[in-house]
1. Quick check: is even one residue across the range 7-25 in contact with a helix residue (DSSP H, G or I) (Cβ under 9 Å, 6 or more places away or on another chain), free of Cβ contacts under 8 Å to residues at least 24 places away in the same chain, within 22 Å of residue 146 (Cα to Cα) and surrounded by 19 or more Cβ atoms within 10 Å (Cβ to Cβ)?
2. Can you pull out the residues in the range 26-71 that are closer than 17 Å to residue 6 by Cα, more than 16 Å from the ligand (Cβ to nearest atom) and within 18 Å of the chain's Cα centre (by Cα)?
3. Can you confirm whether residue 121 is touching a residue at least 24 places away in the same chain (Cβ under 8 Å) and crowded, with 18+ Cβ neighbours inside 10 Å?
4. Out of all the residues in the range 31-51, which are touching a residue at least 24 places away in the same chain (Cβ under 8 Å) and out of contact with any helix residue (DSSP H, G or I) (no Cβ under 6 Å at 6 or more places or on another chain)?
Ligand code: OFO
């Protein structure tokens, strides 16, 4: 069954959200690269890559269902953050916003009777639990060590270990 216009428009809006997410995490990486926190910057770059994977996954789904992806203008992200705590709290807040976007998409899929898109969106709903948990865990760690230079140094090293998840370049993965 070909995807409906309302569902396509809503998914196109989410492609924009995902590309903005990549933009935001790239901006966070650039800010912390310039402040000499390579581990934080590396974590953010991996996150930015994952966000582009999410955008591709939705793009591929629209195509597979006979729709057409349409691209909207991407907003300019914030350029600078005052502390690592502010940075990761910003990431957490952003992911909570993205979770709300997916809940809304599921609602639209249900209203439209688009069961296959509803099932497709389940991957993202689950992924959002992980996205929020990751950011929240780091916020917690920063709160524990933020007054310790040594603690922040160790945390930066720990964050540098994160590697890219396999690219989500098709709708099946
Ligand atoms: Fe695409 O999950 Fe974060 O924003």
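What follows is calculated from the coordinates using simple rules that are stated; it is not laboratory data. Everything quoted here is computed from the prediction, not taken from an experiment. Positions of Cβ are backbone-derived with ideal geometry, glycine not excepted, and every protein chain shown enters the neighbour counts.
1. The answer is no, given that none of the residues of the range 7-25 is in contact with a helix residue (DSSP H, G or I) (Cβ under 9 Å, 6 or more places away or on another chain), free of Cβ contacts under 8 Å to residues at least 24 places away in the same chain, within 22 Å of residue 146 (Cα to Cα) and surrounded by 19 or more Cβ atoms within 10 Å (Cβ to Cβ).
2. 71
3. Details: touching a residue at least 24 places away in the same chain (Cβ under 8 Å): no; crowded, with 18+ Cβ neighbours inside 10 Å: yes.
Here the answer is no, as residue 121 does not meet what is asked.
4. Result: 31, 38, 42, 46, 49, 50.
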